[in-house]
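Notes for the one structure printed next.
The values are calculated or read from the model by the stated rules, or taken from the named source; none is laboratory data. Here the structure is a predicted model, which is why all the values come from computation and not from measurement. Positions of Cβ are generated from backbone atoms using ideal geometry, with glycine treated the same way; all protein chains shown enter the neighbour counts. With ligands, DNA and RNA removed, areas are computed over all heavy atoms of the protein, side chains included. Shrake-Rupley method; radii C 1.70, N 1.55, O 1.52, S 1.80 Å.
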Amino acid sequence: MTEEAKSKALEKDLGFALDSRNRATRVINDDGSFNVRYQGFREISLYQQLLSYSWRKFFLWTGLTMMAINFFFAGIFFLIGPQHFSGITATDPFNEFLFYLYFSFQTFSTVGYGGITPLGHWANIFATMDSLIGLLFVAMATALFFARFSQPRASLRFSKNIILAPYKKDSKALMFRFVNNRRHSMTEVNIRVASRMEKKMADGTYHSNFQELPLERNEIMFFPYNWTIVHEIDEESPFYHFSKEDWKKPFEVVILVKGFDEAYGQTVQQRMSYNESDFLYGRKFEKMYSRAEDGVMDVFIDELDTAGRKPL
């Protein structure tokens, strides 16, 4: 490879290095995460991990950790024995353990109803430890909850499909669209779109070629409605020589959107990608906004995915 060719390859490098014996399905998953699995040791940050979890997973891990701590202390109280606690009225081991579990939760949460009271040094020592750990756990869980709640994130809703649609007089274009899924506004929104195509080399490896796609418009000042992204299929486009059958072959369109979120007062971003399974040939998006009689523009969010047929 010549120096000029290497330079051009570096200009097209998006941060992915995909030379592999196996064909890649996609580099960015539909939830915006990278399709990467790390092998070997990496530094583990529990704080960062909990911030990156979904809300469902976050509450699941928080609940399971709280249950594990209280079952642990209930087991210790059970081993200490009922003679070191007042208020234990159980007549069998199972119900006795339940009393200790209730006591642990009450101590952990610092509610302390007073129905069960520890007696002696060991019972009071472990009850104190249970209470201290509960205070720390609630403080950390509250801090994590607030950090997750206040974390600046974009919430853009993309069309389900990317389409090949008529464009201008005798041309066609690759299109997709998206809206801001939140009620507050975004400004200075810009987008970068690139294509990824794979080529099988002589040595049997698959080489991924990335090319940034020129767009009809890659930045808007205000973003109150939906935004349809248009890449014209001209001589400079990597899709220029595609036949109808070529669109069924593996390809990927990767997307990065950035904008200033007025509610957070910060720049937020979101990743997305489409592949050949999301592609529709010869379609055109239906209009999803109109002006009402009172002069206000209505944007119909549920119409985002409507793409009617229009043969090319």
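Things worth noting here:
- Solvent-accessible ranking of 252, 286, largest area first, probe 1.4 Å: 286, 252
- The stretch 220-312 shape via C-alpha gyration tensor axes, a/c threshold 1.5: oblate
- Residue order by solvent-accessible surface for 235, 212, 245 is 235, 245, 212, largest first, with ligands and nucleic acids left out and a 1.4 Å probe.
- Rounded to whole Hz, the Karplus (6.51, -1.76, 1.60) HN-Hα couplings of the stretch 139-145, x for glycine and proline: 5, 5, 5, 5, 5, 5, 4
- Rounded to the nearest 10 Å², the accessible area of residue 227 at probe 1.4 Å: 20
- At full extension, residue 97 and residue 260 could sit 53.2 nm farther apart than now, given 0.36 nm per residue minus the alpha carbon distance.
- Of every Cα-Cα pair in the stretch 147-216, the percent that sits beyond 13 Å: 79
- Theoretical gain in end-to-end length, residue 137 to residue 217 [0.36 nm per residue, Cα-Cα removed]: 23.9 nm
- Accessible surface ranking for 233, 44, 1.4 angstrom probe, highest first: 44, 233.
- Under 5 Å from the amide H of residue 226 lies no amide H of any residue 5 or more positions distant or on a separate chain, with H modelled from the backbone and absent for Pro and chain starts.
- Taking amide H positions as modeled 1.01 Å from N, with prolines and chain starts lacking one, the residues under 5 Å from residue 177 and 5 or more places away or on another chain are 159, 229.
- You can think of it this way: the chain between residue 29 and residue 90 has 16.6 nm of extra reach, that is 0.36 nm per residue less the Cα-Cα gap.
- With contributions of -39500 (n - 2.57) from each DSSP H run of at least four residues, the per-residue ellipticity at 222 nm computed over the chain stands at -9500 deg cm²/dmol.
- Whole-Hz Karplus values for the stretch 150-161 come out as 9, 5, x, 9, 7, 10, 9, 10, 9, 4, 5, 10 Hz, taken residue by residue from phi with 6.51 cos²θ - 1.76 cosθ + 1.60 and θ = phi - 60°; glycine and proline positions read x.
- For the stretch 239-255, the Karplus equation 6.51 cos²θ - 1.76 cosθ + 1.60, evaluated at θ = phi - 60°, returns couplings of 9, 4, 8, 6, 8, 4, 6, 5, 5, 8, 7, x, 7, 8, 10, 9, 9 Hz by residue, with Gly and Pro reported as x.
- Simple label model, 7 Å out from Cα along Cβ direction - residue 248 to residue 43, nm: 4.9
- Charge sum, other residues only, whose C-beta stays under 14 Å from residue 77's C-beta, Lys/Arg counted +1 and Asp/Glu -1: -2
- Per-atom-type breakdown for the chain gives carbon and sulfur 55% of the accessible area (1.4 Å probe, protein chains only).
- Radius of gyration, Dmax [the chain; alpha carbons; angstrom]: 28.8, 90
- In the full protein context, the stretch 185-241 carries 56 Å² of accessible surface per residue, based on a 1.4 Å probe and ignoring ligands, DNA and RNA.
- Gyration tensor verdict on the stretch 250-304 (Cα atoms; rounded if a/c is under 1.5, prolate if a/b is larger than b/c, oblate otherwise): oblate
- Top of 181, 226, 70 by mean-square fluctuation, Gaussian network on the chain, Cα under 10 Å: 70
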